[in-house]
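Remarks on the structure that follows.
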Amino acid sequence: AAAVAASAAGVRARRAVGSPLAPPEAPQAASLGAAPAAAGPGAAAPAASAATKISNGVACSKANSVKSVNGYKYRCAKNPLVKNSKLTWLSFECLTAVTQFQAATKAQADLANVSEQTAALDTEYVAATTALNTTTAALEKARAQVTQFQAQMNAATNAAEKQKLATAVSKLANAVLVLSGSRSKLA
């Protein structure tokens, strides 16, 4: 019994000296195993699950399982910051910090690409402006030709020539409609 009390006092002393930022860890397997050995050879050994240490980085086997130790929650998962990582216990605080770090890293990368994105958008803008100017010029030319062919058709006396000009005016009118639609999309 004196050995058990001394062992417990040593564990408390080590915890008091430990880092204030680190969550307290579950009792170590050695301190659990010391009690039955001191109690006598007839005492039963503790269950294997009770001897399992749960803290950040300790191996685990069932993905997404959650355990609570001394008020801290741990999840069995692969560390997202380590390539080819294995299942380990990670505190919820650790997982939250990793998520925030990854979001900040992505935002920083997006900001680094702003100049490239701006240059690409400027190029697209110049191409769209050129296409709008070309379409506007073609639209104005088609409208002028419609007016010209209508005047020629009205002045013509030959039926065959009137039919030819009517067909040309119809095609130009369709072109004007298409160009007007294209221009409105570009504007």
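The values are calculated or read from the model by the stated rules, or taken from the named source; none is laboratory data. Predicted model only: the values in this text are computed from it and were never measured. Cβ sites come from the backbone with ideal geometry, for glycine too, and all protein chains shown count toward neighbours.
A few comments on the model shown:
- Every pair of residues 6+ apart whose Cβ atoms lie under 6 Å, when the first sits in region 157-175 and is without any contact (Cβ under 8 Å) to a residue 24 or more places away in the chain while the second is of a type in the set (F, W, Y): L165/F149; A168/F149; V169/F149
- Among the residues of region 56-65, those that are more than 17 Å from L81 (Cα to Cα) and surrounded by 11 or more Cβ atoms within 10 Å (Cβ to Cβ) comprise C60, S65.
- Residue among A104, A109 that alone is assigned to a helix (DSSP H, G or I), within 18 Å of the chain's Cα centre (by Cα) and either modelled with pLDDT of 90 or more or closer than 30 Å to S180 by Cβ (or both): A104
- Within region 143-183, tally of residues that are small (G, A, S), assigned to a helix (DSSP H, G or I) and at pLDDT below 85: 1
- From L95, L87, L132, L121, residue being surrounded by 15 or more Cβ atoms within 10 Å (Cβ to Cβ), within 30 Å of R183 (Cα to Cα) and free of Cβ contacts under 8 Å to residues at least 60 places away in the same chain: L132
- Number of residues in region 80-101 that are in a helix (DSSP H, G or I) and under 17 Å from I54 (Cβ atoms) equals 4.
- Hey, A77 surrounded by 12 or more Cβ atoms within 10 Å (Cβ to Cβ), within 31 Å of the chain's Cα centre (by Cα) and either at pLDDT below 85 or part of a strand (DSSP E or B) (or both) or not: yes
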